[in-house]
Amino acid sequence: MRVDEIQILAADVLLPPPDLTVSQWADQNRRLSSESAAEKGEWRTDRAPYQRAVMDAMGPSSPYETVVMMWAAQSGKSSLLENFLGYIIELDPGPVLLVEPREVDAEAFSKDRLAPMLRDTPCLRGKVADARSRDSNNTILHKKFLGGSITLAAANSPAGLAMRSIRYCLLDEVDRYPASAGSEGDPVNLAITRTANFWNRKIVLCSTPTTKGASRIEQAWLNSNQQSFWLPCPHCGAFQVLTWGNLVWPKDAPEKAEYRCEHCSKRIADWQKHQMLKAGEWRAARPEVTDIAGFWINGLYSPWRKWGALAKKFLADKKSIETLREFVNTVLAEPWDDAAETTVDQATVMARREHYRA
């Protein structure tokens with residue numbers, strides 16, 4: 001290495017990191033890969049504006065120690081974890097533990113999400129070496145970078161959860177974790193315990209929920225400040241939380257589904273959703289909770305899921321309890337209540353009742 005190259009490298013090390021939030025870093029630097037994104041190219045938080053506050057809550061300037069995401073599937077959850085990892089690697093390095101339900105899930109995240117991001121995001125390229133079977137510093141499940149490392153572990157592996165101290169604890173799909181990691185106890189508690197030595201630790205829990213009362217993400221959400229994303233009606237301007245009972249469609253034409261404003265009752269077309277999202281705002285039901293930020297989003301908000309497609313899915317899924325349960329968990333992002341199995345179906349039927357002449 002030449003003297004001038006050494007001087008440039010030394011200057012880069014001595015310069016303070018840019019004062020960016022996680023969302024600002026993502027908008028400036030992140031490049032989406034074809035392996036993990038439907039839309040390859042530059043990351044744009046404005047595509048799904050509800051993601052901004054969630055990412056920024058993870059950053060070092062945020063007052064929150066813990067971030068909880070009880071989110072519907074296909075709402076961008078995994079991309080936010082990727083952005084946070086990229087931010088850590090470049091701007092705020094430290095030891096990271098990312099826990100997936102199974103080892104095969106951890107390997108898939110490493111190969112299909114982390115590796116493409118490191119390859120295609122210019123500011124990250126070369127900062128983490130490729131996985132090599134003979135290099136213990138950089139394998140599929142353990143990667144080192146300047147000032148930190150990323151360990152990917154399975155929730156059923158007590159050794160992976162307890163092998164080192166960590167600053168960042170990222171717990172993905174916690175409702176799919178086993179009740180115990182071997183004989184060591186709850187995997188969530190085991191992982192979080194590894195952060196005890198860091199005053200500036202960050203803990204992120206995310207998942208679609210499962211069964212009411214037994215759902216880890218539901219309990220974490222209940223302990224948080226319980227934020228929901230409120231959107232203004234394009235007709236009357238009144239804010240509201242999108243709920244399934246207000247999605248309506250003509251008989252035998254679910255592809256024409258529209259949203260009915262709960263205030264003025266006017267219909268909102270799917271193409272108007274983007275403008276609503278841009279003007280949306282997070283509101284906390286428990287603002288007195290200052291250390292745990294909880295974010296809840298259902299599938300009606302997702303820019304990647306048309307309301308008509310969700311209506312068609314509902315009509316197909318409600319034919320059996322098992323598929324209806326999957327709909328409630330992954331689309332509505334609500335825990336399934338075994339004591340009220342038909343609640344969603346009854347509410348939808350009542351919302352779509354019609355008057356018939358005798």
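Annotations for the structure displayed:
- Filter result (in contact with a Pro (Cβ under 9 Å, 6 or more places away or on another chain) and in a loop (DSSP other than H, G, I, E, B)) within region 270-302: Ala279, Gly280, Thr290, Asp291
- Residue list for region 259-279, restricted to those being open to solvent by 20 Å² or more (accessible area, probe 1.4 Å) and more than 18 Å from Trp249 (Cβ to Cβ): His263, Cys264, His274, Gln275, Lys278, Ala279
- Exactly one residue among Ile140, Ile89 is in contact (Cβ under 8 Å) with a residue 12 or more places away in the chain, more than 15 Å from Ile203 (Cα to Cα), β-branched (Val, Ile, Thr) and open to solvent by 40 Å² or more (accessible area, probe 1.4 Å), and that residue is Ile140.
- Looking across region 290-313 at every residue that is open to solvent by 20 Å² or more (accessible area, probe 1.4 Å) and β-branched (Val, Ile, Thr), the one that is nearest to Ala333 (Cα to Cα) is identified as Ile292.
- Filtering region 1-29 to residues that are open to solvent by less than 100 Å² (accessible area, probe 1.4 Å) and modelled with pLDDT of 95 or more leaves Thr21, Val22, Ser23, Gln24, Trp25, Ala26, Asp27, Asn29.
- For the condition out of contact with any Cys (no Cβ under 8 Å at 6 or more places or on another chain), closer than 30 Å to Val289 by Cα and not aromatic (Phe, Trp, Tyr), Arg31 does not qualify.
- Just one of the listed residues (Asp252, Asp291, Asp270, Asp317) is of a type in the set (D, E, K, R) and under 19 Å from Pro209 (Cα atoms), and it is Asp317.
- Any pair with Cβ under 9 angstrom, 6 or more apart, that starts in region 112-134 at a residue that is under 20 Å from Leu81 (Cβ atoms) and open to solvent by 40 Å² or more (accessible area, probe 1.4 Å) and ends at one that is among the aromatic types (Phe, Trp, Tyr) and at pLDDT 90 or above: Lys127/Phe145
- Some residue of region 73-81 being in a strand (DSSP E or B) and open to solvent by 10 Å² or more (accessible area, probe 1.4 Å): no
- Only helices (runs of 4 or more DSSP H) whose full extent lies in region 90-190 are considered here, and the ones with at least 1 residues that are modelled with pLDDT of 90 or more are 103-109, 115-120.
The values are calculated or read from the model by the stated rules, or taken from the named source; none is laboratory data. Just so you know, these numbers come straight off a predicted model, no measurement behind them. Reconstructed Cβ throughout: ideal geometry from the backbone, glycine too, with neighbour counts over all protein chains shown. SASA here: full protein model, heavy atoms, side chains in, ligands and nucleic acids out. Shrake-Rupley method; radii C 1.70, N 1.55, O 1.52, S 1.80 Å.
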